[in-house]
Amino acid sequence: MTSQRTRQRLVDRLIEQGVTNPQVLDVMGDTPRHIFLDEALSHRAYEDTSLPIGYGQTLSQPYIVARMTEILLGAGGKLERVLEVGTGSGYQTSVLAQLVSHVYSVERIKPLQDKARDRLRKIGLRNVELRHADGGYGWPERGPFDGILSTAAPREVPSELLAQLAPNGVLVIPVGAATQELRMIIRDGESDKFITQVLEPVKFVPLLSGVTR
């Protein structure tokens, strides 16, 4: 299940799907995805599919984790401070944390956050701060951010997230309800305008408001 051959097959599939960033591919191959699932599903960890993690949430498909990470890294400047909206299992968090200086991750479901904290500690990632809060409001006290990545889809892009982007910062976010699209939004450093690019159709869990314990 966790052999290097199994992980390499996953990386090969990502390459076939168009992921090209060598750093992202290396991290995807090295990250133990099976620890981010309950034991009953861990045998499916290296399939290129989303999997349930409880509370109506999912562990994202490896392709979409790699794709969103690649978009974030390729959008421009150095990523010192990155906000993740929706910690979930902690898998996307762990991928980001191996590629950027510091990750600030917000999760509204406390039991998921607690599990994610244990998993991140288990694999020795120390450059992550977690917060139990409504992700749609971001984390203004830790902003502005060079990058923001959302793992859940709002119907419209929250203005709070746009406000927390640093000049030339990039937001990668799925948007929509029945149909969703992945967007990349850059805050232009000169004009302070937001430049939006629609990338591809996607399917994410909705970005919900409020918190649960």
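The values are calculated or read from the model by the stated rules, or taken from the named source; none is laboratory data. What you see is a predicted model, and the numbers here were worked out from it, not measured in a lab. Cβ placement follows ideal geometry from the backbone for every residue including glycine, while neighbour counts extend to all protein chains displayed.
Brief remarks on what is shown
- For segment 107-125, the condition holds for no residue, the condition being that it is over 23 Å from Leu37 (Cβ atoms) and surrounded by 15 or more Cβ atoms within 10 Å (Cβ to Cβ).
- Annotation: of all residues in segment 190-202 being among the charged types (D, E, K, R) and out of contact with any strand residue (DSSP E or B) (no Cβ under 6 Å at 6 or more places or on another chain), the one that is modelled with the highest pLDDT is Lys193.
- Close contacts from segment 198-213, counting a first residue that is under 16 Å from Glu156 (Cβ atoms) and a second that is among the aliphatic types (A, V, I, L, M) and loosely packed, with under 14 Cβ neighbours inside 10 Å, with Cβ to Cβ under 8 Å and a gap of 6+ residues or different chains, come to Pro206/Ala177.
- Glu70 vs. criteria among the charged types (D, E, K, R) and either surrounded by fewer than 17 Cβ atoms within 10 Å (Cβ to Cβ) or in contact with a Lys or Arg (Cβ under 6 Å, 6 or more places away or on another chain) (or both): no
- Residue within segment 30-37 that is under 15 Å from the mean Cα position of the chain (by Cα), assigned to a helix (DSSP H, G or I) and within 30 Å of Leu208 (Cβ to Cβ) present: yes
- Extreme residue, farthest from the chain's Cα centre (by Cα), among residues of segment 126-143 that are farther than 13 Å from Val211 by Cα and surrounded by fewer than 18 Cβ atoms within 10 Å (Cβ to Cβ): Glu141
Residue-wise test of (1) modelled with pLDDT of 90 or more; (2) under 20 Å from Asp118 (Cβ atoms).
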{"site": "Asp12", "(1), (2)": "yes, no"}
{"site": "Gln17", "(1), (2)": "yes, no"}
{"site": "Leu25", "(1), (2)": "yes, no"}
{"site": "Asp30", "(1), (2)": "yes, yes"}
{"site": "Phe36", "(1), (2)": "yes, yes"}
{"site": "His43", "(1), (2)": "no, no"}
{"site": "Asp48", "(1), (2)": "no, no"}
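- Single condition Asp26 does not satisfy, out of (1) under 18 Å from Arg7 (Cβ atoms); (2) crowded, with 20+ Cβ neighbours inside 10 Å; (3) acidic (Asp, Glu): (2)
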